[in-house]
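Visitor: Here's a structure for you.
Read the figures in this text as sums done on the coordinates, not as results from a lab. Just so it is clear, the model here is predicted, and its values are computed rather than measured. Every residue, glycine as well, gets a Cβ built from its backbone with ideal geometry; the counts of neighbours run over all protein chains shown.
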Amino acid sequence: MTMKKIIIAATLALSVAAAAFAEEPSKAAAPGSAPALSAPAGQAAPVVATAQAQTTAPAAAPAPSSGQKRELKTNKVITLSMFSVIIALTLGVVIWAAKQTKTASDFYAAGGGITGTQNGWAIAGDYMSAASFLGISGLISLYGYDGFMYSVGWLVAYITVLLIVAEPCRNAGKYTLGDILSFRTSPKPVRAIAAISTVAVSTFYLTAQMVGAGKLMALLIGIPYKTSIIGVGVLMVGYVVFGGMVATTWVQIIKAGLLMSGAFLLSFLVMAKAGFNPLYFFETIVNSPDIQSHVSILALKDGIILSGVDAGQRFLEPGLYLRNPLDQISLGMALVLGTAGMPHILMRFFTVPTAQAARKSVIIAMFIIGGFYVLTTLLGFGAAINLTPQGIISVDPGGNMATLMLSQQLGADISPILGDLFLAFLCAVAFATILAVVSGLVLAASAAIAHDIYVNVIKDGHADQHEQVKAARITSFVVGACGIVIGIAAEKQNVAHLVALAFAVAASGNLPVVVLSLFWRKFNTAGVISGLVVGTIASIGLVMVSPNMTYPTVVAAGAKKVVIALEKKQAALPAGETLTEKDSKALAKAKTDSTLTGTSMMGLEKPLFTLKNPGIVSIPLGFMAAILGCLAFPSRRSEEMFDEVYVRQNTGIGMAKAVDH
Amino acid sequence: MAEKKYDWSAIAKNPKFVELHHKKTAFLFGWWIFSCVYYFLLPIGAAYTPGIFKVKIIGVVNFGYVFALSQFFVSWGIALYYAHVANKDFDRLTRELIDELHL
């Protein structure tokens, strides 16, 4: 039923887009033309390579396991047309949304006019980043079971959202985290600090997304890194500045629809190959000689010798990738508590009219997100069977390209042109995914700055609707522009840990104070401030001294081991033979690395904190700081106002005022 | 702020409200704790009792796989059960409370 509505909505949006194009060609063409134009300029060579790949691919197809070296080449014409369709569709939505965005409530919360079902799809679209879409299936394709286990926490996180925060936030809040927290505290300091925390979380997450987007687009269609960042950034700013929450919501809904269609299509093809027999599917994994040899190499690292079916079976057992259980538990805590503290997720609950709609939207989102991760298993294992782990590694060592390669392979098995079409479709899904996630983040960060800091701290709440919307638009523009600049500046930085950091800050800083504000009578201003400050600083500080940072002396020590191993290998070779090209390159790199000296950014020789995920320490610290801070400086006013907050959050009495206001 | 004034502390003492929030608190935190315990059994079990995770259940499919998959169904189950209880009990109590207060 929901699928049908989405299809109707998408068709409607398409026709709106077509109409919009006819009416306002100049407006629609501007952002879209940037990536399209720049592509042919610097990319003459890859186009030739594409043509070659097309002719050679069918010849190589019958013997996939013999030639382990693979390539991923997109058909530029088809891919760019699909991108244009998405850009046109979303810009059509923006033009339509811009006409309805008149008040601050329209801009931040779509006027409370999003239905539960729509919001459910939008939450799913807001939440599932390219990392879940490409990264998790890649992990499964290379490490089997551990990739699947990793995906579980991302769904379980929504139980916290559903049971603890969704409905109370809908009932007690308005547009931002600051609104919930400032209800019975001193509004100015609380709003200021809540805004800083929101901007911090959103910036960490946004940076990771932008850098990922730039690299992905560069890899997929050969657009230079900077151009991709600017292209994505311009679209994202356009959606948010002109269309506010309405446009952001629909971009997220369209993306979720595309993502689920892509996942269903590929899973169907994967299962068709296995004759729709799950048991046979798993037997194929265990019996695949390529997976077996891949796993036996992984197992060798632990000094375990595995071969044949035992190695294949090992692929379905834990421990090939996630090797530090404490780190896993720590990440699990950050996910389970952090998702419910993410400002861009919290903000989605202000877009629905009632607590019932908020409840319905989380449940729908849970089915979409969970369904997606279950399908991801099929994609990941399907990629391992059909492409071999060796083939996937040859394109990207992290496995991020597994789903895309799978789409091309499965399509090409039917007809070569279908391979290009599927790949182009999946690339377009990845593109839409990036746009939907970054737009949500920019909107959340701008709402914190414009609504909390400008309107309520600087202007004391005295700003008319026109001024509020203007402030929101200018802020979104500035935030988006900063996002682009940070994205370009961070190209060479290691940003992989930033997503985990965003969740850790949300879990250690935001969630404790939100929960205590809603459920604890004694909670007050001092508690909010100490909780947010300590939780945020603890998470960031622990990551700064964790193994996520680069430690030159540690790198050098590792490189020395590689040098010794490779030199032994060289010595063992028969006279006259030399190391393979790959090995000699690795040796040369290891030799340079082994001379590295110095300390990390924090002046450390080795990590002080051994876990990559700080949650297990920073979350209890955040809770303790919030509780102790509030007990140290009790406030009678906050206690007296608890009845109001508690009645409101439980029943929604008085809520209609908050929406109209 | 020309909003309608509510006597919040009177509502908070209303027996209907007390019943509502007792029922809600017990349900919400109870099931939240259950879901957390069930979830953390997965990484803890995979790390410290890998033997159990390797036991084959159907064909080559082992306990670990079934357990990870069950996480999805347990989460969905809790969500649906909560929706059922909330629609039936919590929403009804809220409506009755609002009717009684003539809001």
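Visitor: On average, how many beta carbons from a partner chain sit within 10 Å of the beta carbon of a residue in A:153-161?
Guide: Numbers: counts 5, 0, 6, 11, 2, 5, 13, 3, 0.
Mean partner shielding for this stretch: 5.
Visitor: Which whole-number value in Å³ per residue fits the convex hull of the alpha carbons of the stretch B:25-101? Spell out each step's value before the answer.
Guide: Values: hull volume 6.3 nm³, N = 77.
Considering the Cα atoms of the stretch B:25-101, their hull volume per residue is 82 Å³.
Visitor: Something else: Evaluate peptide A:311-320: per residue, the Cβ atoms of other protein chains within 10 Å of its Cβ; return the mean as an integer. Let's see the in-between values first.
Guide: On the way: counts 0, 1, 4, 1, 1, 8, 8, 12, 5, 0.
Mean shielding count: 4.
Visitor: Over all directions, what mean area does the Cα convex hull of chain A project, stated in square nanometres?
Guide: Mean orientational projected area (chain A, Cα hull): 30.2 nm².
Visitor: Taking each residue of B:33-40 in turn, how many C-beta atoms of other protein chains fall within 10 Å of its C-beta, and what is the average? Before the final figure, lay out each step's value.
Guide: Values: counts 1, 1, 7, 7, 0, 2, 9, 7.
Mean shielding count: 4.
Visitor: Which of the helices in chain A, when you take each full DSSP H run, stretch at least 27 Å along the axis at their Cα atoms and have an average Kyte-Doolittle score of 1.6 or higher? Kindly include the intermediate steps, with their values, before the conclusion.
Guide: On the way: long enough: A:2-23 (31 Å, 1.40); A:76-100 (36 Å, 1.63); A:187-221 (48 Å, 1.14); A:225-273 (45 Å, 1.46); A:355-387 (46 Å, 1.42); A:416-447 (47 Å, 2.17); A:465-489 (36 Å, 0.90); A:525-544 (28 Å, 1.94); A:552-572 (30 Å, 0.50).
Correct list, ordered by number: A:76-100, A:416-447, A:525-544.
Visitor: Sorting B:Ile11, A:Ile392 on the 10 Å Cβ count, fewest up front, what's the list? Don't jump to the answer; show the numbers that get you there.
Guide: On the way: B:Ile11 24, A:Ile392 28.
Ranking B:Ile11, A:Ile392 by Cβ neighbours within 10 Å, fewest first, gives B:Ile11, A:Ile392.
Visitor: With angles folded into 0 to 90 degrees, how steeply does helix B:15-48 sit against the dominant principal axis of chain B? Use alpha carbons for both and round to 10.
Guide: 20 degrees
Visitor: Could I ask something else about it? Near the amide H of B:Asn62, under 5 Å away, which other amide H atoms are found, from residues 5 or more places off or on another chain, if H is placed in the peptide plane?
Guide: B:Ile57
Visitor: Let's see if you can work this out: charge +1 on each Lys and Arg Cβ, -1 on each Asp and Glu Cβ, no other charges. What is the dipole magnitude of the stretch B:25-101 about its Cα centre, in debye to the nearest 20? Numbers along the way, then the final one.
Guide: Details: 5 positive and 5 negative charges, 117 e Å.
Using only the charged Cβ atoms, the result is roughly 560 debye.
Visitor: Could you please rank A:Leu404, B:Leu28, A:Leu573, placing first whichever residue has the fewest other Cβ atoms within 10 Å of its Cβ?
Guide: Values: A:Leu404 28, B:Leu28 20, A:Leu573 10.
The order, fewest Cβ neighbours first, is A:Leu573, B:Leu28, A:Leu404.
Visitor: Can you tell me how the stretch A:191-253 classifies by the Cα gyration tensor, rounded, prolate or oblate, using a/c under 1.5 as the rounded cut?
Guide: Verdict is oblate for the stretch A:191-253.
Visitor: Give me Rg/Rg_expected for the stretch B:19-64, where Rg uses Cα atoms only and Rg_expected = 2.2 N^0.38 Å with N residues. List each step's numbers first, then the result.
Guide: Working: Rg = 16.4 Å, N = 46, 2.2 N^0.38 = 9.4 Å.
That ratio works out to 1.74.
Visitor: Rounded if a/c is under 1.5, else prolate if a/b beats b/c, else oblate: with a ≥ b ≥ c from the C-alpha gyration tensor eigenvalues square-rooted, which is the stretch A:147-240?
Guide: oblate
Visitor: Between B:Ala26 and B:Arg95, how many nm apart are label points set 7 Å from Cα along the C-beta direction?
Guide: 2.3 nm
Visitor: Using the 2.2 N^0.38 Å rule of thumb for compact globular proteins, work out how the stretch A:433-483 stacks up: its C-alpha Rg over that value, please.
Guide: Working: Rg = 11.5 Å, N = 51, 2.2 N^0.38 = 9.8 Å.
For the stretch A:433-483, the normalised Cα radius of gyration comes out at 1.17.
Visitor: Determine the alpha carbon to alpha carbon distance for each of A:Lys492/A:Lys569; A:Lys188/A:Lys522; A:Lys301/A:Lys591 and list only those over 24 Å.
Guide: On the way: A:Lys492/A:Lys569 32 Å; A:Lys188/A:Lys522 19 Å; A:Lys301/A:Lys591 22 Å.
Over 24 Å Cα-Cα: A:Lys492/A:Lys569.
Visitor: Quick one: Debye curve from the C-alpha atoms of the stretch A:509-661, no solvent, what's log10 I(q)/I(0) at q = 0.12, 0.18 Å⁻¹?
Guide: The calculated log intensity ratios at q = 0.12, 0.18 Å⁻¹ are -0.70, -1.02.
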